[in-house]
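Every read-out reported here was derived from the displayed coordinates using simple, explicitly stated rules and does not represent laboratory data. Keep in mind the model is a prediction, meaning the values are calculated, not measured. Note that we place each Cβ from the backbone using ideal geometry, even for glycine, and neighbour counts take in every protein chain shown.
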């Protein structure tokens, strides 16, 4: 194996390790956010702190935010506009 090939292999392995750590961190962030976004509506319903319409609006808002969290942290969709790819992904998933 030449020195160029070994350097290339080392860089590839390092990038895979970096991606693995980022992936684990993303899953952990997504999990914590999902738990929080689930616990808040349960707490609101169990305490009866807000009126019924406000509670329903809060639950719907938390659900929409949780959909975004799942798309970003678990499905790893990038929401930065790159040739409108995220829009295409979302439109295909809705059918």
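Can you sort 47, 58 so the residue with the fewest Cβ neighbours within 10 Å comes first?
47, 58
So if each residue of separation counts as 0.36 nm, and I subtract the Cα-Cα distance between residue 70 and residue 32, what length gain in nm does that give?
In short, 12.5 nm is gained.
Express in nm, to one decimal, how much length is gained between residue 55 and residue 40 on full extension, taking 0.36 nm for each residue of separation and deducting their alpha carbon distance.
4.4 nm
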